[in-house]
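These notes are about the structure you will find just below.
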Amino acid sequence: MRVGVDYYPEHWDESRWETDARLMREAGISVVRLAEFSWCKLEPEEGKYDFSWLDRALEVLHREGIQAILGTPTATPPAWLHQRYDIYPRDARRYPLGFGTRLQRCLNHPVMRRYSRLITEAMVSHYAGHPAVIGWQTDNEFEANLCYCDVCADLFRQWLQRKYGSLQALNKAWGTIFWSQEYTNWSQIPLPWVARCGQSHNPSLWLDYRRFASESTVSFQREQVEIIRRLAPHHFVTHNLMGLHDSLDYFALAQDLDFVSWDNYPGGNWKEAGHADLAHDVMRGIKQKNFWVMEEQSGIPGWEYIGRRPALGQIRAWAWQAVAHGADAVVFFRWRSCLYGTEQYWHGILNHDGMPRRRYREVARFGEEMNRLSAELDGTTLRHQVAILSSYEQNWALQIQPQVNGLGWWEQVRRFYYSFRRLGAGVDIIPIDADLSQYRVIVLPSWYILTERDAQRLSEYVRQGGTLILNPRTGVKNERNVCRTEPLPSLLREVAGVEIDDYDPLGTDENRIRLRTGEEFTVSVWADALILQGAEEVAVYAHSIFAGEPAIARHRYGRGTVYTLGTYGEPALYDTLLGRVLDEAGVETMPGVPDGVDACWREKEGARYLFLVNLRGEERSVPVPGCVTVLLGASPQGGMVNLAPYEVGIYRCS
Ligand code: GAL
């Protein structure tokens, strides 16, 4: 387990490097990520590589015992390359997104591909034998290549040709007879360019374009990974993902990586702010194994505007929270706040003045603790009995047709995730291809696109004794994004023991449902009226045209159980219903963890470790069941421990 920092020696005078490296070592830092934005310095002129500055920086770091991960620098192609070739991506109006920031490259452009391979080959050959280099980060924070240039249009058409074989098959699959769109030549097929007055493209074309744009990024990365594997087979390859970012199929991207890394800024800048716990679990689920945090917030965030300073102790608490959720390394972003450029106010561990102040001391405290506990915690990971299935493709299909407010993918995941966690159950977020048999309860958020294969896997899971929870809009479409004709939930009808007779897209309007056990809850977003076909009624609607009709049903199928939820409710509905589901399925929980405390278990053969992280500025009292040894933090008294604000406790438990 490692503590690291993102370091940009190219931003500073060389005379400073030794001080930096010494301060890093003294803070317990043993790994740095370098060079991911330094193409113009690594190849100042076409074909003339200059690694001398990076060699000197590595030498200084290596002398202090610090190892390095190098980034392929392809997120920021140099100005000379752009001057010579137009590799700018086009937006949906086909307008070029030019020089001056970063990511100004189309990942499909053959010139970009060529120069990416050349710089990767040059770097990897130069550093394959370097004693300080241990691995590679491909590029930086990949997104799907949602580019609308002519190269992409051509490649998309070729991709479609491979997929459908003939225009006849494509026309049939997409239903292009609608609005007279039948294609008679491949070159007629558009990208989803901005169309007249906000008119929408065919959802089938759109979903294929999203798949293509995601695969384009995966294949761009694959070219770099192949070079690294060939020239430096002893080095690891990773990439820094972005938590809940969803344009790119992370499951596909990560197949080529040894492990995933991600960039965690819990302090309120990006859209996943406040959901670091969920994002960590999403990241662990990508390869169903531990991960690294490649950029961990270490200061005040800010570009043009500046965010809040994390509270004293909060940076350390966030770092431990990452470890609690399965991080094996925490690399802080970044060493020192930069004097120039867009990110002048994205503060690092050190301020602009370079003095070790309180954020440095906080990171150093974490560094000392992490290094001390590393041997003991090494090899531990999280094991859960509850999973939520995740799919980028479902997410895209719901983005193409949101239908109503509240059906968004992450909104659905959050409802269940946070209810399970309030009930004291840890959650894995996994792809449908994962081994499902280890889970007692699985939630299927709207599985809008349902294939025969997925339906079979899910049916088999239930038949073998699993509990499956279905949500509205399951099985509406086939893989072409075309509506199915079977009554909903289409291929899962028999397993669910229900048929959907009618539906009402409520959006923000509300209804009420009444459980058979008497409790009433407010529901919104969507209402399916269920007809029971073997299932039993769990709840009925209280009002509207569906009053008295089943809203939630439960069905025994094989050795397992299916719950069909025909609507979305307030948090208390999930807490009540899922509490019963967890009991019924015999899921182990740790109840009584107060709001604001993140509790996780990491385990290995013969040992279980409880991590408690108080994320709030107030003291919290937390149960510590059957724990014997305090590894970090306050000692429990009578089975409870008091955690001071932003404090952390780690316990070895029997
Ligand atoms: C990350 C990115 C870094 C830096 C940081 C702060 O998303 O990878 O390069 O930009 O955000 O803005």
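Applying the criteria of a DSSP loop state and at most 11 other Cβ atoms within 10 Å to the GluC sites (Glu not before Pro) of the stretch 1-62 yields Glu46. Between the listed residues Leu58, Gly354, Tyr574, the Cα displaced farthest toward the positive end of the dipole of the chain, a dipole computed from Cβ unit charges relative to the Cα centre, is found at Leu58.
Carbon-plus-sulfur accessible fraction, the chain (probe radius 1.4 Å, protein heavy atoms only): 48%.
Taking the helices alone, the chain has a mean residue ellipticity at 222 nm of -9500 deg cm²/dmol, built from -39,500 (n - 2.57) per DSSP H run of at least 4 residues and averaged over all its residues.
What separates the Cα centres of the stretch 175-191 and the stretch 484-563 is a distance of 39 Å.
Taken about its Cα centre, the chain carries a charge dipole of roughly 440 debye when the Cβ of each Lys and Arg holds +1 and the Cβ of each Asp and Glu holds -1. Roughly how many whole Å is it from the C-alpha centroid of the stretch 579-608 to that of the stretch 18-34? One Cα centre to the other: 37 Å.
In terms of Cα to Cα distance under 18 Å, which lysines are near enough to Lys172, apart from those fewer than 8 places away along the same chain? Straight-line reach from Lys172, under 18 Å: Lys163, Lys477. Based on every Cα atom in the stretch 551-654, Rg and the maximum pairwise Cα distance Dmax equal 17.5, 49 Å. Cα convex hull, the stretch 332-426: 206 Å³ per residue, rounded to a whole number. Estimated at the nearest 10 Å², the accessible area of Thr508 is 110 Å² with a 1.4 Å probe.
Note on the chain: dipole from Cβ charges, positive end direction compared against Thr522, Ser125, Gly558; the farthest Cα belongs to Ser125. Panel note: the C-alpha atoms of the stretch 386-585, placed on their principal axes, show extents of 40, 38, 30 Å (largest first). Peptides 106-114, 175-183 ranked from most to least packed give 106-114, 175-183, packing being the mean of other C-beta atoms within 10 angstrom over each peptide's residues. Dipole check for the stretch 386-585: with +1 at the C-beta of Lys and Arg, -1 at the C-beta of Asp and Glu, and the Cα centre as origin, the magnitude is about 400 Debye.
Available extension along the chain between Trp303 and Gln344 is 14.1 nm, counting 0.36 nm per residue and deducting the alpha carbon span. On a per residue basis, the stretch 386-585 carries 36 Å² of accessible surface, using protein heavy atoms and a 1.4 Å probe. In plain terms, the C-alpha convex hull of the stretch 150-207 casts an average shadow of 3.9 nm² when viewed from every direction.
Between the stretch 225-256 and the stretch 376-428, what is the C-alpha centre distance in whole Å? What the calculation gives is 22 Å, centre to centre. A Cβ-based charge dipole, computed about the Cα centre of the stretch 150-207 with Lys and Arg at +1 and Asp and Glu at -1, lands at about 140 debye. Each of the peptides 88-95, 610-617 was scored by the mean count of other Cβ atoms within 10 Å over its residues; in descending order, highest first, they stand as 610-617, 88-95. Using a ≥ b ≥ c from the Cα gyration tensor of the stretch 597-653 (square roots of the eigenvalues), is it rounded, prolate or oblate, where a/c under 1.5 gives rounded and otherwise the larger of a/b and b/c decides, a/b for prolate? Prolate, since a/c reaches 1.5 and a/b exceeds b/c. Over the chain, the ratio between the Cα radius of gyration and 2.2 N^0.38 Å evaluates to 1.01.
For the chain, the share of DSSP beta bridges that are antiparallel, to the nearest 5, is 55%.
The values are calculated or read from the model by the stated rules, or taken from the named source; none is laboratory data. Just so it is clear, the structure is predicted and the values come from calculations on it, not from any experiment. Methodologically, a virtual Cβ is constructed for each residue, glycine included, from the backbone with ideal geometry; neighbour enumeration extends over all protein chains shown. For the accessible areas, the whole protein counts, side chains as well, though only heavy atoms, and no ligand, DNA or RNA atoms are used. Shrake-Rupley method; radii C 1.70, N 1.55, O 1.52, S 1.80 Å.
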